[in-house]
1. Take F195, F222 and order them by how many other Cβ atoms sit within 10 Å, fewest up front.
2. Quote the relative contact order of region 138-231 in percent (integer), defining contacts as alpha-carbon pairs under 8 Å separated by 6+ residues.
3. In Å, what is the Rg of the alpha-carbon atoms in region 156-231, and how long is Dmax?
4. Name the long-range amide H neighbours of H218: under 5 Å, sequence gap of 5 or more, or other chain; modelled H, no Pro or chain starts.
5. What are the extents of the Cα atoms of the chain along their three principal axes, listed from largest to smallest and rounded to whole Å?
6. Let me check against my output: what whole-number percent is the relative contact order of region 1-67, with C-alpha pairs under 8 Å and at least 6 apart?
7. Let me know the volume per residue of the alpha-carbon convex hull for region 111-214, in Å³.
8. What FRET efficiency, computed as 1/(1 + (r/R0)^6) with R0 = 22 Å and r the Cβ-Cβ distance, is obtained for R113 and F91, rounded to the nearest 0.05?
Amino acid sequence: GANIRLENLTKRYPGSAAPAVDNVSMDIKAGELIVFVGPSGCGKSTTLKMINRLIEPTSGKILINDEDVTNIDPVGLRRKVGYAIQSSGLFPHMTVAQNISLVPKMIGWSKGRVDARVAEMLDLVGLDPTEFRGRYPRQLSGGQQQRVGVARALAADPPVLLMDEPFGAVDPITRDHLQDELIRLQHELHKTIVFVTHDFDEAIKLGDRIAVLRERSHIAQFDTPEAILTN
Ligand code: ADP
Ligand code: ADP
């Protein structure tokens, strides 16, 4: 894993009166699974997108293993940080296998290694590789698309995983399985995971620590599930 430090992070979108994220600081330890839980619009997605530099903060800093993310080159950042989102974000003109191979190919893995990894990742998220690798996203259900999105995020084995409501469209039984897989990945491979959800039960099940967020990502509570439940 890798530790993540947010230092006085602020994001003000052009033209909006109030910042979406206002002066947030947080320390995430290597190998921790942190859940951000809070109402829609409180800035959870904005915070995640700043960590992987899909958007730039207005002010403040993000450090991954004590390195300012603005000093990490784009390919290096992809290698370090996997990203899975609610809408899956799959490229519609690419097959499942091509979508999952994106980052591994970008960082120079051989074709054999990439092909084996695609099959391994599809198995991990409960999709039969033979049946699914050649399909296009439109040939998948919403929940299957999300599972492929998770497979893509994990493909290059990044030490940091950012997950923005990744299981929202997945059926309850598969979701339960994927939650268990995520906990296993974290325990066995010591990944640092930042997981965003609306679902308090999911937060309690997954989080080593849970950040309860209010407007503008103000941290109302940041504690273990046990401590949050007794408050
Ligand atoms: P959450 O993930 O908690 O639902 P977001 O980070 O998506 O919240 O949004 C936080 C706030 O920023 C909201 O008020 C939202 O309307 C606003 N916002 C998000 N993206 C943009 C954007 N690209 N331009 C302007 N405002 C945005
Ligand atoms: P390209 O610029 O090569 O066309 P994109 O920038 O659209 O590719 O990103 C490809 C996919 O990789 C995205 O859909 C997203 O899921 C994932 N991704 C994008 N940025 C990052 C990042 N900083 N870290 C990890 N994954 C990312």
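1. F222, F195
2. It comes to 21 percent, rounded to a whole number.
3. In order Rg, Dmax, the Cα atoms of region 156-231 give 12.9, 39 Å.
4. Under 5 Å from the amide H of H218: D22.
5. Per principal axis, max minus min of the Cα coordinates gives 47, 39, 35 Å.
6. Here the relative contact order equals 46 percent.
7. 108 Å³
8. The computed FRET efficiency comes out at 0.55.
Any read-out appearing in this document is the output of simple, stated calculations on the displayed coordinates, not a laboratory observation. The model shown is predicted, which means the values in this text are computed figures rather than measured ones. Cβ coordinates were reconstructed from backbone atoms using ideal geometry, including for glycine residues, and neighbour counts include every protein chain displayed.
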